[in-house]
Amino acid sequence: MCGITGKIYYDTRHFVELSELKQMTDSIRHRGPDDEGHFIDKNVGLGFRRLSIIDLKSGHQPLCDKSSRYWITFNGEIYNFKEERTKLEKKGYVFKTNTDTEVIVNLYAEYKEKCVDYLRGMFAFVIWDKSERELFCARDRFGIKPFYYYSDNQKFVFGSEIKSILQAENIDKSLSYNALDSYFAFGYITSDLSIYSSIKKLQPGHCMLLSINDKPKLEIKKYWEIDFQPDYAKTENQWVEEIEYCLSEAVKLHMISDVPLGAFLSGGIDSSSVVAMMAKNSNLPIQTFSIGFKEQTYNELKYAREIATKYNCDYHEQIVEPESISVLSKLVSVYDEPFADASAIPTYVVSKFAREFVTVALSGDGGDELFAGYTIYRYLQKINKYNSPSPFFNKNVWGTINKMIPQKISGKGLSYFLSQNKEYLGAYLSIWNKNERKRLIRNNKMTLDYNYNAEMFKQNILSKSKSNDFIANLQYLDMQTYMVDDILTKVDRASMLSSLEVRVPLLDHKFAELTFKIPWNLKIKGKVQKYIFRKAMSNFLPKNVFNHAKQGFSMPLSIWFKGDLKEYINDTLNPQNTLLSEYVNMNEVRETIKNHHTGMRDFNNKIWSLLFFNEWLKQNMD
């Protein structure tokens, strides 16, 4: 796992300075503390920070092919690189390292932009073609690894994190109102947006070609699509056999490493299944790392312990307490932009904890999206069935699926809002709904695209789903938004802050494509969610793990904000906070805190979004 960055001037007479490129790589040293590298070809500069995982001695980057025509800087892991290397060697390619990086650059030499079709793994990389004066960029299918870029009429700048781009000279740092609207709506910034109007994200499953021969030309293409094509011919037992075989294979591939390796173990079905498959593929005890809370309704440690005992794991656990709020400043510095998923705290804590023992950890992320595991899926399905026969409704049931509704207004719950507000359901499933955001956000000092709003963006994403199935559409929406812009972003930044590589075997695209073929009625059967996955793992997991209520990786903020952290909130989000008041309406803030403290509403998500944004302003706008 590494960090990449670089800068390209369109004018070939404008050379990249090593000092500036080094400043860009230094800013992401936490992503790769083991080594650094720089390549400059006049107006082109590539930078690299390395966390050594594979081929510890000869994995220096940027790296070139034998001809020195193609130069690559790469972040990620390719799990089938040995297989592809063998094929390339039969075609006459010669290798000087044992790295997956060199396999990628030679695949590009052979197949050009089609090289991504041969890659099985997580990746974000850039390849500079010295002969054609072209820069090829690619991001993995689900967006496990990040890729940001900036482009104006003079230059193109890219990086694994926004902070490396901001280190370059003459970067437009104006804020995006649309990104902030997305942040307060969903807790994360969707699409290709970033908090800075001129910095974009390369979307998952996309590649980009920048040609600077004559007039600069930037072309973005989608090379992979989430496509649900259910296969009704197979029996349940056949699906069970395929799931077990394919997951075991994916986990085995993800265990390839030249450094110590372990796993996050929450006690839920997904992480427990990953640990079970690791144990199946290893003769050594698996090192597992678990996080819990004193508040028992949030604590799953007893289930994690049960799994660890069953598989004789080398088990480690830690308790997260209210004092953990002190890491907020550190989290803001690594996320670079507003990010309101409070589970970033336990994710950082478990990553920091795990890094004391291992360099690589496997996680169970992706299981809820692949097997329709979010609790609200079943509720939405039921309401859709009885309250909305119109097929139009299927294309408008969306939102931040796993966050649920933050409150019930006037005693009326989800059913009421679905029946009354079908077109704007996303707003009612968000942290701050559309009307609340209009009152909250002050539109000064920010650029605004009047053709964009957070609700319509998700509606447009959902309209691109090729499936006519209600559950598949919800899964599609989550994979394109919540999973990549919240879950995977959270894990990448929180783990890399501790220089820990986290791998996601459930999002191996071969395994994921298998799940796309499973009919929805085998994912949700009656009241049982993840039905077919549960059945496939039934011989590997204890009943207690299957039967306890889904808890997720959430924080007891509602309790803390009314107790240990009440004074902290009042001091931080007070009306005299002049910096915060430049961007949000403090009357709305004050009313939100008051309602939470009096117990009228549970506004912990709203308050956390304000705390994170306030700290982000202090670090970036003060």
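Since every read-out is calculated from the coordinates, none of them should be taken as a lab result. Here the structure is a predicted model, which means the values were calculated and not measured. No Cβ is skipped: glycine too gets one built from the backbone with ideal geometry, and neighbour counts run over all protein chains shown.
So, counting K/R as plus one and D/E as minus one, what does the shell of residues with Cβ under 14 Å around Lys594 add up to?
Counting the neighbours of Lys594, the net charge comes to +2.
Would you calculate the volume per residue, in Å³, of the smallest convex hull containing every Cα atom of segment 502-553?
Looking at segment 502-553, the number lands at 112 Å³ per residue.
Add +1 for every Lys or Arg and -1 for every Asp or Glu among the other residues with Cβ under 10 Å from the Cβ of Tyr196, and state the total.
-1
Placing unit charges on C-beta atoms (Lys and Arg positive, Asp and Glu negative, everything else neutral), compute the dipole magnitude of segment 2-222 about its Cα centre in debye, rounded to 20.
For segment 2-222, the charge dipole is close to 340 debye.
Under 8 Å for C-alpha pairs, at least 6 residues apart: give me the relative contact order for segment 2-222, rounded to a whole percent.
19 percent
Would you work out which of Ser174, Leu522, Leu135 lies farthest towards the positive end of the dipole of the chain? Charges go on Cβ: Lys and Arg +1, Asp and Glu -1.
Selected residue: Leu522.
So what is the relative contact order of segment 556-622, in percent, for Cα pairs below 8 Å that sit 6 or more residues apart?
The value is 36 percent.
Enumerate by residue number the chymotrypsin sites (Phe, Trp or Tyr not before Pro) in segment 501-573 meeting two conditions: DSSP loop (anything except H, G, I, E, B), and at most 13 other Cβ atoms within 10 Å of the site's Cβ.
Filter output for segment 501-573: empty list.
FRET efficiency for Met456 and Glu89, Cβ-Cβ distance as r, R0 = 60 Å, nearest 0.05?
0.75
Taking the Cβ of each residue in Ile431, Ile199 as the centre, tally the other Cβ atoms inside 10 Å and list the residues starting with the fewest.
Lowest count first: Ile431, Ile199.
Could you tell me which of the pairs Lys163/Lys618; Lys114/Lys517; Lys434/Lys458 are separated by over 18 angstrom between their Cα atoms in the structure shown?
In this structure, Lys114/Lys517 exceed 18 Å between Cα atoms.
Are there any trypsin sites (Lys or Arg not before Pro) in segment 464-493 that are in a DSSP loop and have at most 15 other Cβ atoms within 10 Å? List them by number.
Lys464, Lys466
Can you give me the orientation-averaged projected area of the convex hull built on the Cα atoms of the chain, in nm²?
27.0 nm²
Which order results if Asp469, Asp571 are arranged by neighbouring Cβ count within 10 Å, fewest first?
Final ranking by Cβ density, sparse to dense: Asp571, Asp469.
Take the Cα atoms of segment 478-528, find their three principal axes, and give me the spread along each one in whole Å, biggest first.
41, 22, 19
May I have the convex hull volume per residue, in Å³, for the Cα set of segment 556-622?
77 Å³
Starting with the fewest neighbours, write out Ser343, Ser176 ranked by other beta-carbon atoms found within 10 Å of each beta-carbon.
If I rank by nearby Cβ atoms, fewest first, I get Ser343, Ser176.
Taking GluC sites (Glu not before Pro) that fall in a DSSP loop and have at most 15 other Cβ atoms within 10 Å as cut points, what is the longest piece of the chain between them?
Longest site-free region, per DSSP loop and neighbour criteria: 357-581.
Pairs of alpha-carbon atoms within less than 8 angstrom and 6+ residues apart define the contacts here; what relative contact order does the chain have, in percent?
With pairs under 8 Å counted, the relative contact order is 16 percent.
Structure shown: which of Lys145/Lys310; Lys87/Lys252; Lys294/Lys525 lie over 31 Å apart, alpha-carbon to alpha-carbon?
With Cα atoms farther than 31 Å apart: Lys145/Lys310; Lys294/Lys525.
Gap in Å between the Cα centre of segment 463-481 and the Cα centre of segment 69-105?
If we compute the Cα centre of each part, the gap is 35 Å.
If you take every residue apart from Ser151 with its C-beta less than 13 Å away from the C-beta of Ser151, what net charge results, scoring Lys and Arg +1 and Asp and Glu -1?
+1
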